1. Could you say whether any residue in the range A:126-136 is in contact (Cβ under 8 Å) with a residue 60 or more places away in the chain, away from chain C (no Cβ under 14 Å) and open to solvent by 10 Å² or more (accessible area, probe 1.4 Å)?
2. Run down A:Ile4, A:Ile50 and say which single residue is outside the structural domain of A:Asp173 (by the TED database) and open to solvent by less than 10 Å² (accessible area, probe 1.4 Å).
3. Among C:Leu83, C:Leu61, C:Leu46, which is the only one that is more than 13 Å from chain A (Cβ to nearest Cβ), closer than 26 Å to C:Ala158 by Cβ and surrounded by 22 or more Cβ atoms within 10 Å (Cβ to Cβ)?
4. Looking at A:Asn280, A:Asn261, can you tell me which residue is under 19 Å from the mean Cα position of the chain (by Cα) and within 14 Å of chain B (Cβ to nearest Cβ)?
5. I'd like to know if the range A:33-47 contains one or more residues that are within 19 Å of A:His159 (Cβ to Cβ) and aromatic (Phe, Trp, Tyr).
6. Quick check on the range B:110-117. Is at least one of its residues within 16 Å of ligand 2 (Cβ to nearest atom), within 15 Å of the chain's Cα centre (by Cα) and either at positive phi or open to solvent by 30 Å² or more (accessible area, probe 1.4 Å) (or both)?
7. Identify the single condition in (1) out of contact with any strand residue (DSSP E or B) (no Cβ under 9 Å at 6 or more places or on another chain); (2) free of Cβ contacts under 8 Å to residues at least 24 places away in the same chain that A:Pro267 does not satisfy, given that it satisfies every other one.
8. Report the residue count in the range A:63-107 for those that are hydrophobic (A, V, I, L, M, F, W, C) and within 16 Å of ligand 5 (Cβ to nearest atom).
Amino acid sequence: MKKIINDPQDVVAEMVDGMVRAYPQLVKKIPETFAMIRSDQASMKDKVGIVSGGGSGHEPTHAGFVGKGMLSAAVAGQVFTSPTPDQIYAAIKAVNTGKGVFLVIKNYSGDVMNFDMAKDMAEMDDIPVKSIVVDDDIAVENSLYTQGKRGVAGTVLMHKVLGAAADQGASLDDLEQLAQQVLPHINTIAVALSAATVPEVGKPGFELAEDEIEYGVGIHSEPGYRREKIKPSKELVAELVAKLDNSLQLSKDKKYAILVNGMGATPLMEQYIFTHDVLNKLAEKSIEPTFVKVGNYMTSLDMAGISLTIFELADEKWLDYLNYPVETIAW
Amino acid sequence: MKKIINDPQDVVAEMVDGMVRAYPQLVKKIPETFAMIRSDQASMKDKVGIVSGGGSGHEPTHAGFVGKGMLSAAVAGQVFTSPTPDQIYAAIKAVNTGKGVFLVIKNYSGDVMNFDMAKDMAEMDDIPVKSIVVDDDIAVENSLYTQGKRGVAGTVLMHKVLGAAADQGASLDDLEQLAQQVLPHINTIAVALSAATVPEVGKPGFELAEDEIEYGVGIHSEPGYRREKIKPSKELVAELVAKLDNSLQLSKDKKYAILVNGMGATPLMEQYIFTHDVLNKLAEKSIEPTFVKVGNYMTSLDMAGISLTIFELADEKWLDYLNYPVETIAW
Amino acid sequence: MELTLEKYLVWMKEFAQKISDQKDYLSDLDSKIGDGDHGNNMARGLKAVSESLAAKKPTDLTTALKITAMALISKVGGAAGPLYGTAFLEMAKLSGQTTDLDQLLVAAVAGLQKRGGAQAGDKTMVDVWLPIVNKLKADQLTDEEIQEAVKSTKPMEAKKGRASYLGERSVGHLDPGAVSSGYLFETMLQAEVGK
Amino acid sequence: MELTLEKYLVWMKEFAQKISDQKDYLSDLDSKIGDGDHGNNMARGLKAVSESLAAKKPTDLTTALKITAMALISKVGGAAGPLYGTAFLEMAKLSGQTTDLDQLLVAAVAGLQKRGGAQAGDKTMVDVWLPIVNKLKADQLTDEEIQEAVKSTKPMEAKKGRASYLGERSVGHLDPGAVSSGYLFETMLQAEVGK
Ligand SMILES: Nc1ncnc2c1ncn2[C@@H]1O[C@H](COP(=O)(O)OP(=O)(O)O)[C@@H](O)[C@H]1O
Ligand SMILES: Nc1ncnc2c1ncn2[C@@H]1O[C@H](COP(=O)(O)OP(=O)(O)O)[C@@H](O)[C@H]1O
Ligand SMILES: [Mg+2]
Ligand SMILES: [Mg+2]
Ligand SMILES: [Mg+2]
Ligand SMILES: [Mg+2]
């Protein structure tokens, strides 16, 4: 493991401090926690707060999206480990202006349980809290008997949509309804070229041969659905778009937003080439997305790979929400 | 080599197309070239155009900085290879509104010669052209008898300052003067954990052992000044800040901007930890930077590593220029 | 079988020591079918439990259980944090009414299942907690029974937690949470808690 | 020693072939002391030269030289593009007045030095061009002389171009631009251009 870090136990503490000290105009830390809130939170009135969070290692998610028009707070856990309820609760309290707080949770058992406990705590304080559990990763089949689909890069689009609506005055109930409507329309699938190395673990989450890739991996090195030899970008795209087509029933009569997301170690050059192939593949279906974003948004430490999110814009307003101006570190 | 690409010969063409198709509202391509200009160029009046460019592989540099308040055009060469004069000339012609065009060139012999030839061509067309050759990398000693210092991540800050000034109506002469004043105050130094692999070459530009780092490398895998075993971030920072202190004579009575730049494969987590250590190290000298930016801005394909740029804000206006709003893909 | 404050403190001390000793092993197990942090998570949590108990010097069992729950909830994180935390919180809640170990553990396992929704056979810590609480009620709990419960998770296919993403590939590996729960009950026996 | 259109076309054909054959070798040399792209750059450029000459079918030497210069300038990129491009552009310019090979090459090397600022001994292509033009003027140019000029760059320390960043570490390696320039002159002899 070769990383620019100090003691592996301190990575989250030092990262959070680095972030709030680099961008004091945008984010500040709730003392004694790894929860970051908007620096202008004190001036917030009459708006529903939006809190997200999860394990660290997905930077710029989540704190990079804290700011006007997007999240009110982000809570960082240890690397790939859900934050604890007390910290989530501290964030909820800090951003509640009296209109309640909406939680965006990725569908991992740890996240769901910790956020649930925080919700219980907040409700004991009479803070109204609602939430959405994002499960956009179509690599894993949904099933009543399992954990269900995972929450991955599509979560960033959920943040964006909800953040814009909240900034325009949506109520807690409005946000809940919006989140539920949006959720099934955001689907993601990834391909990995290498796994992430968690600092405290010191070795990659899995091993891929020098010429191997794996389709369908999650953002914590969860296994995917197939391994094979590396292929040209065009063919990777064909595989991923076919999966998304299958789940979303892509149609030239609908409008779409696209998020091409680098996993941390994949250069932008590759991401743009991949994007080019995605746009070509969609063009074959006479689809021209009305919104495209490319970059490292929901990463997995130093994993090489890419994810493709397609968001069907079933409601015209959703595009406006995506284009709504924000003041954040990373959107 | 494991990369998300198609034919290595097509990487630049496909990347450029991916970029302009993803962000048509911001950038468009000059047909038959790899030069990208602002999508709203047609509406530009009475402002000096700013053109930059260089080899590809440094994304989001340069096209990611094209847009209102920053660059008017970016010209992409082959990977790590200067663009050709005809393409630079096409960009100059396209962005000239009658007020002339200012070129930002990184100090590499190829870049300097190709931009010079383009300048000659433009001058034959009576387009006034001036330029700055950025050489912020203090790893290489300057000398009359050599190529001199290299141009690296500090170039992005030069783009930002000049772009803001141009947007506010600075003349070609104003920009030349500003660029010359700013130049010596921007210094950069890097540390590499691994080298970049150029797609057409297929293997890394140099090899570092699993526990080795190299100080002072350039953005095309140019050699640095020392190899040693990997150290904690704190100690890397101590080495780099000492070098910058030596060249800039850091003082608590001056104001500074900081750019922490990831080289492509280094996760944001590491960049923020490094930033945290930089801010601590500067605090030891009672220096608190007035502007900090962290992220992948001047990359070197899939190289792992980081560079630190310190920009002494000798003139108050320079901070305003850094904070001036822009509409670009990547600033 | 009454749980006293004194015995409880011995138990937690031994449990914390065991977790600290087996930290790497637990993380190794987790990296086979999860994300490799279970040892780090538990070690961080138990360290906090020890420190918090030492600092706050509780004078009654309820307070001690509550301190434990809070330290686990606020330090373990991940899935194990809320699960272990809830288990101890439920014990704390009930301990005002009774200090009977069986009854406390019955409440704990109920909370654990409510929090995580796991059933017997889902390849989670529940597959250790459920049989052990039953054996304890029948006064038949031995080290061998604990080992057996832990081992029973090996052939199972995970239905909850991160391991469930592996589907069939989770078969053949011990569940890390089951192993750490095994340590909890082993050290309980060692501390002669119920005696 | 007059340069005719016919001989010139043969020369360029052979040069393009040689560059294409030695593409990987040139890039390998460049990866030792530069950035590993010299072979790719030159191959891309000479392919464009061949295609452009084939498409535009020039009927006079000046046009042929100009086509070559433009193809090199617009396709090679990097440092080699403007250097080779300038050399051929200078030849094109002068070819209206004279077609004498010596004089054309003297103009070429002057342009090259003006563009790049390199002196003899700086470990660049100039270290091939300068001695060869001199030998040619003295009518003493042989393959051996070319080899010698190319090899002379090996012990030099680079003062210009990317290799200069290596400082002393550039010593002991051939300069890739010198090697490709060697090919230019070898193929010139093969095409019996001056005969
Ligand atoms: N829904 C659940 N119900 C019961 N136990 C669970 C559940 N989800 C996970 N676990 C337990 O948690 C353990 C993993 O804990 P840990 O690695 O600390 O957290 P994470 O999975 O968040 O990384 C598993 O081995 C399993 O025993
Ligand atoms: N200033 C210069 N003057 C003359 N020749 C130069 C100069 N700079 C570089 N060269 C030549 O260019 C060659 C490298 O060309 P190439 O690899 O194609 O471009 P780049 O260095 O931009 O990658 C060197 O081997 C050297 O011969
Ligand atoms: Mg975890
Ligand atoms: Mg080059
Ligand atoms: Mg785990
Ligand atoms: Mg080169």
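1. So far as the range A:126-136 goes, no, none of its residues is in contact (Cβ under 8 Å) with a residue 60 or more places away in the chain, away from chain C (no Cβ under 14 Å) and open to solvent by 10 Å² or more (accessible area, probe 1.4 Å).
2. From the options A:Ile4, A:Ile50, the qualifying one is A:Ile4.
3. Result of the check over C:Leu83, C:Leu61, C:Leu46: C:Leu46.
4. One residue alone meets the criteria, A:Asn261.
5. Looking for residues that are within 19 Å of A:His159 (Cβ to Cβ) and aromatic (Phe, Trp, Tyr), one finds at least one in the range A:33-47, hence yes.
6. Here is the first cut: in the range B:110-117, the ones within 16 Å of ligand 2 (Cβ to nearest atom) are B:110-117.
In the following step, the residues that additionally are within 15 Å of the chain's Cα centre (by Cα) were identified as B:111-112.
So of that shortlist, the ones also either at positive phi or open to solvent by 30 Å² or more (accessible area, probe 1.4 Å) (or both) come out as B:112.
Yes - at least one qualifying residue is present in the range B:110-117.
7. (1)
8. We begin by selecting, within the range A:63-107, every residue hydrophobic (A, V, I, L, M, F, W, C); these are A:63, A:65-66, A:70-71, A:73-76, A:79-80, A:88, A:90-92, A:94-95, A:101-105.
Filter once more, keeping what is within 16 Å of ligand 5 (Cβ to nearest atom): A:79-80.
Going through the range A:63-107 one residue at a time, the tally reaches 2.
The values are calculated or read from the model by the stated rules, or taken from the named source; none is laboratory data. Note that the coordinates shown come from a computational prediction; the quantities given were computed from them, not determined experimentally. All Cβ positions, glycine included, derive from the backbone under ideal geometry; neighbour counts span all protein chains shown. Remember, those area values only see protein heavy atoms, side chains included, never the ligands or the DNA or RNA. Shrake-Rupley method; radii C 1.70, N 1.55, O 1.52, S 1.80 Å.
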